[in-house]
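J.: Got a structure for you, written out below as structure tokens; questions coming shortly.
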Amino acid sequence: MAVRTKAARGLLATAAIALALTTAACTSKAADTGAGSGEAGDLASVNVALVPGGSHPYFQPWAAAGEAAVEEFGLGSTVFNETAEWDQAKQNEVLNSLAAQGVNAFGIFGVSPTDINTTFKMLKDQGFAVGSIASCPAGDVNEADFCLSTDTEVAAYKAAVAAIEAMGGTGNLVHLTGNNVDSNTQRRIAGVEKAVEETGGAVTLLSTVTDIDVDLGTAQKAVADLLAAKGSEINGFVSTAYNPAVASASAVKESGLPIKVVAIDDDAVILDGIADGSVSATVVQNPTGQAFVGSWVLAQLQTKACTVKDPGVIVDSGSFVVTTDNVETYTDEQDAESDSIMDLFENDLLDCK
């Protein structure tokens, strides 16, 4: 994938990884200690776990991105584990098991935004580097070293603005989203409400439907019920969760109703819909960049080559509106954003020896 190569080039300034590990800013200090020493900077001593709260299509790029980070940066290993089944207690068990197996740095999407800080602190107290990836804890405190996540309020706002534009600036909008207790969902709701408020009453938020991102079947039933009950009243769907996005794109196309659809992420159904005009736009995130850059940052922290200047710092991993104009090239925007995030960490957010 291009983002890996480009991000590594942007950081290391050469395609020769062995040479790059002796020339890049934080990584150069790492290479000076020598492989296998276990001292500050030995990236080969770092074993990173990328652990979402459970199985979900969004996280699938993490596995390949972690493998790419091993190849590009010389990490010891990465492992992708999605077996927590959306249960915080089970996720904690998974994390403890991984630590016992030799993992010493963790990129985590916590199941419970209100409880995950306890888990982060537990791992930090054992001397492990911890990143909150793709979601930040609820509230104002982040016990992880950093959070690298989509600014979900901004992404939802972009999606709602795109939906309102597709509707011609007037009509009834329905918002389809995920787990109501997830802090990301609450931020998405706020983003959509902001866009609607900016219309000065021209657009009505007819309904906000939460808790339908459990699986595709749940989302399909919810969308079918909405179309049966209120299809003639709905002018636009804005989806800010993966499964509802796929479900609404397919259902509206099959129904033939003149409902504008703006989705999230880049499932093939959604991209095909953009190509054939049945989907007006989608807002894609940057899961590959999250895992790739996040793994590099975790390695720098675990080796003590770098520290975070502002512990718990939150970094937006980017969101991008995709339409027919850029459906063939939007990955270039993701690549560029990943490069920028890498530069931001290296030059501004980390203090490296």
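J.: Using Cα pairs under 8 angstrom and six or more residues apart, how large is the relative contact order of the chain, in percent?
T.: So the answer I get is 21 percent.
J.: Within a Cβ distance under 14 Å of SER207, other residues only, what is the Lys/Arg minus Asp/Glu net charge? Write down the numbers at each step before the final one.
T.: On the way: positive: LYS230; negative: GLU193, ASP211, ASP225, GLU233.
The answer is -3.
J.: Ranking request for peptides 63-72, 141-150: highest mean number of other beta-carbon atoms within 10 Å first, then the rest in descending order.
T.: Numbers: 63-72: 20.3, 141-150: 22.9.
So the peptides 63-72, 141-150, ranked by packing, come out 141-150, 63-72.
J.: Output needed: percent of Cα pairs per 10 Å distance bin for segment 220-353, bins running from 0 to the one holding the longest distance.
T.: The percentages, shortest bin first, are 12, 34, 22, 18, 11, 3, 0.
J.: Roughly what percent of Cα-Cα pairs across segment 95-171 reach past 16 Å?
T.: I get 57 percent for the Cα pairs in segment 95-171 exceeding 16 Å.
J.: While we're here: Where the accessible area of segment 152-284 is counted over protein heavy atoms with a 1.4 Å probe, how much of it, in %, is carbon and sulfur?
T.: Numbers: 2550 of 5170 Å².
Answer for segment 152-284: carbon and sulfur cover 49 percent of the accessible area.
J.: If one takes the longest principal axis of the Cα atoms in the chain, at what angle in degrees, from 0 to 90 and to the nearest 10, does the Cα axis of helix 287-302 lie?
T.: Long axis of 287-302 versus the principal axis of the chain: about 30 degrees.
J.: Any chance you could give the angle, 0 to 90 degrees and rounded to 10, that helix 152-166 forms with the longest Cα principal axis of the chain?
T.: 30
J.: Once the convex hull of the alpha carbons of segment 152-284 is built, what does its volume come to per residue, in cubic angstrom?
T.: 85
J.: Using a cut-off of 10 Å between beta-carbons, work out the net charge of the residues near ALA144 (Lys and Arg +1, Asp and Glu -1, ALA144 not included).
T.: The answer is 0.
J.: Which of the peptides 330-336, 236-242 is most tightly packed, and how do the rest follow, judged by the mean count of other Cβ atoms within 10 Å per residue?
T.: 236-242, 330-336
J.: Show which aspartates and glutamates lie in cross-link reach of LYS253 when reach means a straight Cα distance below 12 angstrom and same-chain residues fewer than eight apart are skipped.
T.: Within reach: ASP272, ASP276.
J.: Could you tell me whether segment 217-295 comes out rounded, prolate or oblate from its Cα gyration tensor? Rule is a ≥ b ≥ c as square roots of the eigenvalues, rounded for a/c under 1.5, then prolate if a/b exceeds b/c, otherwise oblate.
T.: In terms of gyration-tensor shape, prolate.
J.: Return the sequence-ordered ³J(HN,Hα) values of segment 254-267 in whole Hz as given by the Karplus equation 6.51 cos²θ - 1.76 cosθ + 1.60 applied to θ = phi - 60°, using x for Gly and Pro.
T.: 5, 6, x, 6, x, 9, 7, 10, 10, 10, 9, 6, 10, 4
J.: Can you tell me the accessible area per residue over the chain, all protein chains present, probe 1.4 angstrom, in square angstrom?
T.: Ligands and nucleic acids excluded, the result is 39 Å² per residue.
J.: Farthest toward the dipole's positive end in segment 152-284, which of GLY273, SER183, GLY200, given Cβ charges of +1 (Lys, Arg) and -1 (Asp, Glu) about the Cα centre?
T.: It is GLY200, whose Cα lies furthest towards the positive end.
J.: Moving on. Would you mind checking LYS230/LYS260; LYS90/LYS309; LYS158/LYS230; LYS90/LYS221; LYS121/LYS353 for any pair whose Cα atoms are more than 22 angstrom apart?
T.: LYS90/LYS309; LYS158/LYS230; LYS90/LYS221; LYS121/LYS353
J.: Could you tell me how far the Cα centroid of segment 141-163 sits from the Cα centroid of segment 309-353, in Å?
T.: Each part reduced to its Cα centre gives a spacing of 12 Å.
J.: Counting Lys +1, Arg +1, Asp -1, Glu -1, what net charge surrounds ARG187 among other residues with beta carbon under 10 Å of its beta carbon?
T.: Its environment carries a net charge of -2.
J.: Expressed as a whole number of Å, what is the distance separating the alpha-carbon centroids of segment 40-108 and segment 239-297?
T.: 26
J.: Further question: Ranked highest first by average number of other Cβ atoms within 10 Å, how do 342-353, 294-305 line up?
T.: 294-305, 342-353
J.: Nearest 10 degrees is fine. How inclined is helix 116-125 to the longest principal axis of the chain, computing both from alpha carbons?
T.: Here the helix axis deviates by roughly 10 degrees.
J.: Antiparallel versus total DSSP beta bridges in the chain: what percent is that, nearest 5?
T.: Within the chain, antiparallel bridges account for around 15 percent of the total.
J.: What's the magnitude of the charge dipole for the chain around its Cα centre, counting Lys and Arg as +1 and Asp and Glu as -1 at the beta-carbon? Answer in Debye, nearest 20.
T.: Using Cβ point charges on Lys, Arg, Asp and Glu, the chain gives about 240 debye.
The values are calculated or read from the model by the stated rules, or taken from the named source; none is laboratory data. Just so it is clear, the structure is predicted and the values come from calculations on it, not from any experiment. So basically every Cβ, Gly included, is an ideal-geometry build from the backbone, and we count neighbours across all protein chains shown. Just the protein is used for accessible areas: all its heavy atoms, side chains included, with ligands, DNA and RNA removed. Shrake-Rupley method; radii C 1.70, N 1.55, O 1.52, S 1.80 Å.
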